[in-house]
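The values are calculated or read from the model by the stated rules, or taken from the named source; none is laboratory data. As the structure is a computational prediction, the values presented were derived from the model and not from experiment. Backbone-built Cβ (ideal geometry, glycine too); neighbour counts: all protein chains shown. Accessible surface areas use protein heavy atoms only, side chains included; no ligands, DNA or RNA. Shrake-Rupley method; radii C 1.70, N 1.55, O 1.52, S 1.80 Å.
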Amino acid sequence: MEQLQKAPWYYLVLLILAGESVFILPFVLPRVFRPTVLDVFTLDNTQLGLCFSVYGLVALVSYLFGGPLADKFPPRKLIATALWMTALGGVVYATFPSYVILKILYGYWGFTTIFLFWAAMIKATRVWGGTSSQGKAFGFLDGGRGLVGALFGTMGVLVFSVFITSEIAEATLTESRAAFRYVILVSSGIVVAVGFLVWFFLRMDKTSESAIILDKITVSQIKEVIKLPAVSLLMVIILCAYVGYKITDILSLYAQDVMLYDQVQSAQIGTLLLFVRPVVGVVIGVLADRSQTTYWLMVSFVISFIGALLFATGIILSSSTFLFFMSIMVVATGVYAARSLYFSVMQRGRIPLVLTGTAVGLISLVGYTPDIFAGPAMGYLLDAYPGATGHQYVFWMLAVFSFVGGIAAWYYFKLYKK
């Protein structure tokens, strides 16, 4: 493990770039431009949620088989190929396909962003962190991904506003589509470029590479991973934390529905939220390495629970601008802190480094099921209960999952305290 601690800083920077770029098309653009995406693809919230569900179903299988793949092949090749294949989907996305084709496209992205990519990225990050900097490695990874996402969001809003020829509030569907097509194509081009950077620069020396790759994954090794208490606990922790992350998708829509903002102002709220993520990731990562990653993971769920209650109780009105921004900060801090830390506790949970990919695949099989159910659940609540009421129900959902995640994180903390 000592030899693996010497990976250079740019290695982590490349992982950060790749780690967010691969999700720009399927997730970041719909998060920042949710009202626009609903308009230009003529979707309602439930239909968009079902697109995410198709992604989640394909991703579910991809986690299981992609995990062991990351223990057999170098991260560089898997990550670069995933980026190029994902960008190819952007070309289809830019044609504004029918709802059926859009669901197929999300299934394709479920394969490209997970099967080749996910476990490889987590394993490469764990390698960079070595024995003493796991909190920093994963905190910087998620914080950095947040910064990249925020920059993509800012760029997207800029490109969109430049190519809208009339007043934003009066833009026709044709104008919105033309402007959003440029956003998609520019984003796809950047994803391709990041793939080339990874392919040429994310290289390890042969000694380090051979130390983290297995020629063959045996059934007994998989059973060994399944039996670890840390694996089953992380399934619950990540599931609950990921529900919180999915719920942040609706904050730009909340700005439009409840705070009565226009399309660009709503997108700016989504982008502002992304700028909180890098700050939280870096701060929580440093704090975690100086004390205990498991303790700060537990605290993050408590903060998320408090933030959920602020929105769920209905005290935020269209005139409560300060309270709205304060509540966004609380929710974002809790959700992004949990997201930054949940894989950083793998070492404390005694999960072998060489089997990281297999463990990540098994954990993700349960942990990322919100990709299947969270979108439709939120879509149903928002469509069935229009306006502020639907949003309140969604945040009650966040409160419940934050509470359950907090209990699981507390148990993990107690179990691996020493």
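Couple of notes before you dig in:
- Residue that is nearest to residue 196 (Cα to Cα), among those in the stretch 28-51 that are of a type in the set (A, V, I, L, M, F, W, C), touching a residue at least 24 places away in the same chain (Cβ under 8 Å) and open to solvent by 10 Å² or more (accessible area, probe 1.4 Å): 41
- Assessment of the stretch 400-415 against the conditions (farther than 12 Å from residue 298 by Cβ and buried (at least 20 other Cβ atoms within 10 Å of the Cβ)) yields at least one matching residue.
- A single entry from 277, 339 fulfils the requirement of being at pLDDT 90 or above and more than 20 Å from residue 382 (Cα to Cα): 339.
- Test set (1) of a type outside the set (A, V, I, L, M, F, W, C); (2) open to solvent by 10 Å² or more (accessible area, probe 1.4 Å); (3) under 27 Å from residue 276 (Cα atoms); (4) in contact with a Gly (Cβ under 8 Å, 6 or more places away or on another chain) - residue 108 fails condition number: (3)
- Cross-chain or 6+ apart pairs with Cβ under 9 Å, the stretch 231-245 first and free of Cβ contacts under 8 Å to residues at least 40 places away in the same chain and over 18 Å from residue 397 (Cα atoms), then part of a helix (DSSP H, G or I) and of a type outside the set (Gly, Ala, Ser): 232/226; 232/363; 232/366
- The numbered conditions (1) surrounded by fewer than 22 Cβ atoms within 10 Å (Cβ to Cβ); (2) touching a Leu at 6+ places or on another chain (Cβ under 7 Å); (3) hydrophobic (A, V, I, L, M, F, W, C); (4) within 13 Å of residue 340 (Cα to Cα) are all true for residue 226 except (4).
- Taking the stretch 127-220 and the helices (runs of 4 or more DSSP H) fully enclosed by it, the elements with 3 or more residues that are modelled with pLDDT of 80 or more and either closer than 30 Å to residue 294 by Cβ or open to solvent by less than 40 Å² (accessible area, probe 1.4 Å) (or both) are at 134-163, 173-201.
- Residue 257 closer than 24 Å to residue 32 by Cβ and out of contact with any helix residue (DSSP H, G or I) (no Cβ under 6 Å at 6 or more places or on another chain): yes
- Residue count for the stretch 323-346 under the criterion of being among the aromatic types (Phe, Trp, Tyr) and over 19 Å from residue 392 (Cβ atoms): the result is 3.
- Answer from 56, 67, 49, 89 - the residue that is at pLDDT 95 or above, in contact with a helix residue (DSSP H, G or I) (Cβ under 8 Å, 6 or more places away or on another chain) and assigned to a helix (DSSP H, G or I): 89
- All positions within the stretch 52-76 that are in contact (Cβ under 8 Å) with a residue 60 or more places away in the chain and within 24 Å of residue 146 (Cβ to Cβ): 52, 55, 56, 59, 63, 66, 70, 75, 76
Quick grid of which residues meet (1) touching a residue at least 40 places away in the same chain (Cβ under 8 Å); (2) closer than 21 Å to residue 305 by Cβ; (3) part of a loop (DSSP other than H, G, I, E, B):
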| site | (1), (2), (3) |
| --- | --- |
| 348 | yes, no, yes |
| 375 | yes, no, no |
| 380 | yes, no, no |
| 397 | yes, yes, no |
| 406 | yes, yes, no |
| 417 | yes, no, yes |
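- Subset of the stretch 311-330 [assigned to a helix (DSSP H, G or I) and touching a residue at least 60 places away in the same chain (Cβ under 8 Å)]: 311, 312, 321, 324, 328
- Matching entry among 286, 282, 264 (being modelled with pLDDT under 90, surrounded by fewer than 22 Cβ atoms within 10 Å (Cβ to Cβ), in a helix (DSSP H, G or I) and of a type in the set (A, V, I, L, M, F, W, C)): 264
- In the stretch 382-395, the residues that are surrounded by fewer than 22 Cβ atoms within 10 Å (Cβ to Cβ) and either touching a Ser or Thr at 6+ places or on another chain (Cβ under 9 Å) or assigned to a helix (DSSP H, G or I) (or both): 383, 384, 388, 389, 392, 393
- Number of residues in the stretch 92-126 that are under 19 Å from the mean Cα position of the chain (by Cα), part of a helix (DSSP H, G or I), under 25 Å from residue 15 (Cβ atoms) and of a type outside the set (Lys, Arg): the value is 13.
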